[in-house]
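Working notes, structure below.
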Amino acid sequence: MWVIKVADITFQDNTIAISNSIEDRAAAFLDEAAGEMASKTAARSRRRTGQTAGAWDYTLDRGKLEATVGNPLKNAIWEEYGTGEYALMGNGRRGGWVYKDPVTGQFYHTYGKTPNRAFYTTFKELENPIVEMAQKFFRELNK
């Protein structure tokens, strides 16, 4: 902050304080929006073991003012887009296959997994509320 006095008039530069305030509000908004997105996506995920649902999370990069919501497990992709004959884009394996379930040790035949679209459905549901949330967060900067 710097201050300049000319005669009886004082000019004060609050650029840094204002910039910090904007960055703090943006980070708070991103933290809340990404947290809500990760939480609702997890709630929509299938829960046979709960592993995929429990792996939904987000990261916040304050320097870039960027939030990333995701899941590190391959199964999250299979849940989102489906597999085999049920693959969302129609490009899955045909005719079925046999696999050994790592949990039960049993062998199963499958034609694939239907897409659950937990992430996409959550995004579509929260798209407008997140925009409204952003407007609210940044409107409060004027106060």
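Here, each number is a calculation from the coordinates, and none is a lab measurement. Computed from a prediction, not measured in an experiment: that's the story for all the values here. Counting neighbours? That spans all protein chains shown, and the Cβs are built from the backbone with ideal geometry, glycine included.
Things to note:
- Pairwise centroid distance, computed over Cα atoms, of region 1-40 with region 70-112, Å: 47 Å
- Helices in the chain, meaning DSSP H runs of at least 4 residues, each add -39500 (n - 2.57). Divided by all residues, the mean residue ellipticity at 222 nm is -15000 deg cm²/dmol.
- Relative to its Kirkwood radius, the Cα radius of gyration of the chain gives an Rg/Rh of 1.26.
- Gain upon complete extension [ARG94, ALA43; 0.36 nm per residue less C-alpha separation]: 15.3 nm
- Loop-resident sites, region 1-82, for GluC sites (Glu not before Pro), counting at most 15 other Cβ within 10 Å (DSSP): none
- Net charge dipole, region 2-142: roughly 920 debye, given to the nearest 20, about the Cα centre with Cβ charges of +1 for Lys and Arg and -1 for Asp and Glu.
- Between the listed residues PHE123, GLY105, ALA134, the Cα displaced farthest toward the positive end of the dipole of the chain, a dipole computed from Cβ unit charges relative to the Cα centre, is found at GLY105.
- Taking the C-alpha atoms only, the angle from helix 15-44 to the longest principal axis of the chain is near 20 degrees.
- Unit charges at the beta carbon, dipole of the chain: most positive-side option, PHE11, ILE22, ASN91: ASN91
- Annotation note: trypsin sites (Lys or Arg not before Pro) in region 38-110 located in DSSP loop regions with a Cβ neighbour count of at most 14 within 10 Å are ARG46, ARG47, ARG48, ARG62, LYS64, ARG93, ARG94.
- In this label model, PHE107 and ASN20 are separated by 6.7 nm, measuring between points 7 Å along each Cα→Cβ vector.
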